[in-house]
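The structure appears below as structure tokens.
The values are calculated or read from the model by the stated rules, or taken from the named source; none is laboratory data. Owing to the predicted nature of the structure, the values given are computational and were not obtained by experimental measurement. Using ideal geometry, Cβ is built from the backbone for each residue, glycine included, and neighbour counts are taken over all protein chains shown.
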Amino acid sequence: MNKWVIYGGGGHARVIADTIKLNQDQVANFFDDNQDLKQLAGRPVTAYHENHAPEAKMIIGIGNNKIRKAISQYIVHEFGVLIHPDATVSDDVLVGEGTVILAGAVIQSGAIIGKHVVINANVTIDHDGIIGDFCSIYPNSYIGGAAKIGAGVTVEACTSIPRLATIASVFDIMEPDLF
């Protein structure tokens, strides 16, 4: 059984907590900057502290790409990768730290998923697709074969990105390994 901590106190954090439980792991604590929030999903919510459950892996449970990026830059905990048991991920897919892949997602052979990406429910990423760091791919979206999605991009629900398409990064940085 793995122990996890989640940074965030909203709906996305609760979805992540459910995924952790479905993987038969344990949520040790939630961290959030909202001092009025004391408990979530039966667990305490506190301000972030590097010494709280230092052995636990961290997932940032915040859907906003820019906020997720900012938080990731000062976290001391090791980031994990969280994959829902009902997701299908090919064995040769590369998945960056801090990434969450939710229920019903299908990620085909040769895909590369960056760091701190949210792959929501029922998303399909076809073969050789590339998703940059800090992206959010909303439910029921399709990313075509060999498409490239730059860092920080949000793909809205039910969107279809054609094969070989390129969507530029919304951040000032580009990932040299991806583009």
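If you go through region 24-40 one residue at a time, do you hit one that is more than 30 Å from Ala146 (Cβ to Cβ), in contact with a His (Cβ under 7 Å, 6 or more places away or on another chain) and modelled with pLDDT under 95? Yes. Do the conditions hold for Val118, that is, is it assigned by TED's automatic domain parsing to the domain that holds Ile143, closer than 19 Å to Val27 by Cα and in contact with a strand residue (DSSP E or B) (Cβ under 6 Å, 6 or more places away or on another chain)? Here the answer is yes, as Val118 does meet what is asked.
Taken over region 119-135, the criterion of being buried (at least 23 other Cβ atoms within 10 Å of the Cβ) and either of a type outside the set (A, V, I, L, M, F, W, C) or in a loop (DSSP other than H, G, I, E, B) (or both) is satisfied by Val123, Gly129, Gly132, Asp133, Phe134, Cys135. One residue stands out among those in region 10-59 that are within 16 Å of the chain's Cα centre (by Cα) and part of a loop (DSSP other than H, G, I, E, B): the one that is nearest to Ala105 (Cα to Cα), which is Asn23. When Gly145, Gly104, Gly152 are checked against the criterion of being part of a loop (DSSP other than H, G, I, E, B), touching a helix residue (DSSP H, G or I) at 6+ places or on another chain (Cβ under 7 Å) and either within 22 Å of Ile62 (Cα to Cα) or outside the structural domain of Asn65 (by TED's automatic domain parsing) (or both), a single residue qualifies: Gly152. A Cβ distance below 6 Å, combined with a sequence gap of six or more or placement on separate chains, defines the contacts here; from region 148-164, residues that are at positive phi and at pLDDT 95 or above reach residues that are not in a loop (DSSP other than H, G, I, E, B) and not aliphatic (A, V, I, L, M) in the pairs Gly152/Asn65. Scan region 63-75 and give yes if some residue there is at pLDDT 95 or above, over 21 Å from Gly9 (Cβ atoms) and more than 13 Å from the chain's Cα centre (by Cα), otherwise no. No: zero hits.
So, Ile112, is that one crowded, with 16+ Cβ neighbours inside 10 Å and under 21 Å from Val27 (Cβ atoms) or not? So Ile112 fails the test.
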